[in-house]
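Asks: Please read through the structure below; I'll follow up with questions.
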Amino acid sequence: MAPFEALKMARERALDLVEISPNAVPPVCKIQDYGKFLYEKDKSDRAARKKQKVIVIKEVKFSVTVDEHDYQTKKNQAVRFLGEGDKVKASLRFKGRQMAHRDLGYKIINRLILDIGDAGLVEFMPRMEGTTLHAIIAPSKKAEVVPKKAAPEAVISAPAAAKAPAPAPIAPAEPAQG
């Protein structure tokens, strides 16, 4: 229908003519209350923002001379971060003459990737940027997101204590004869 006819109908009903889809040919309009339209649009936008996940990149730093226990601790941290749904950036910085032995750094990062296994997918394979070797690992799709620490449930022990029989009275000790 013509735009002036639609405006006339909207004014007769004491409503507004709201353009729903301006890019369509012809443009799609609706006769409704504009304030209600804005409120519902804002409400749906807010619901969409609530459902989206903010991706956080957590970093785990290694050294070429990392000890076994330090490596295991940092690997466990990376697995925990991936379990919580965050990406992990594994970085290894070369200092001084360590640059001559880049293969040692690649071995450490590749070992981390193999040890993480199914907990994460490699997004960027290890690559050098200056004196730092980086790899980015994203959480795998099939790994369930572990919720942050949950509050422990309260244990109610008062009724159980009320049901228990009362202890027998203790007789006074007799004096020692000697």
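Each reported figure results from applying straightforward, stated rules to the coordinates on display, with no laboratory input. Since this is a predicted model, take the numbers as computed values, not measurements. Note: ideal-geometry Cβ built from the backbone for every residue, glycine included; neighbour counts use all protein chains shown.
Asks: Size of segment 20-146 along its principal axes in angstrom, Cα-based, largest extent first?
Replies: Principal extents (Cα only, largest first): 73, 31, 21 Å.
Asks: Something else now. So for Y106, Y39, fewest C-beta neighbours within 10 Å to most, what's the order?
Replies: By the 10 Å Cβ count, ascending: Y39, Y106.
Asks: Right, something else. Just name one of L112, L133, A90: the one whose Cα is farthest towards the positive end of the charge dipole of segment 57-139 (beta-carbon charges, Lys/Arg +1, Asp/Glu -1).
Replies: L133
Asks: Sticking with this one: What is the ratio of the Cα radius of gyration of segment 1-61 to 2.2 N^0.38 Å, where N is its residue count, to two decimals?
Replies: 1.84
Asks: Can I ask one more? Could you work out how much longer the chain between D115 and I20 gets when fully extended? Use 0.36 nm per residue separation minus the Cα distance between them, nm to one decimal.
Replies: Between D115 and I20, full extension yields 28.9 nm more.
Asks: Which of D86, D42 comes first, and how do the rest follow, when ranked by fewest Cβ neighbours within 10 Å?
Replies: Fewest to most other Cβ atoms nearby, the residues stand as D42, D86.
Asks: With only Lys, Arg, Asp and Glu charged, each at its Cβ (+1 for the first two, -1 for the last two), find how big the charge dipole of segment 3-51 is about the Cα centre; round to the nearest 20 debye.
Replies: The dipole magnitude comes to about 360 debye.
Asks: Which of the residue pairs K8/K30; K74/K95; K8/K36; K30/K50; K50/K89; K30/K53 have a Cα-Cα distance greater than 24 Å in the structure shown?
Replies: Over 24 Å Cα-Cα: K30/K50; K50/K89; K30/K53.
Asks: Of the DSSP beta bridges with both residues in segment 57-139, give the percent that are antiparallel, rounding to the nearest 5.
Replies: DSSP beta bridges in segment 57-139 are roughly 65 percent antiparallel.
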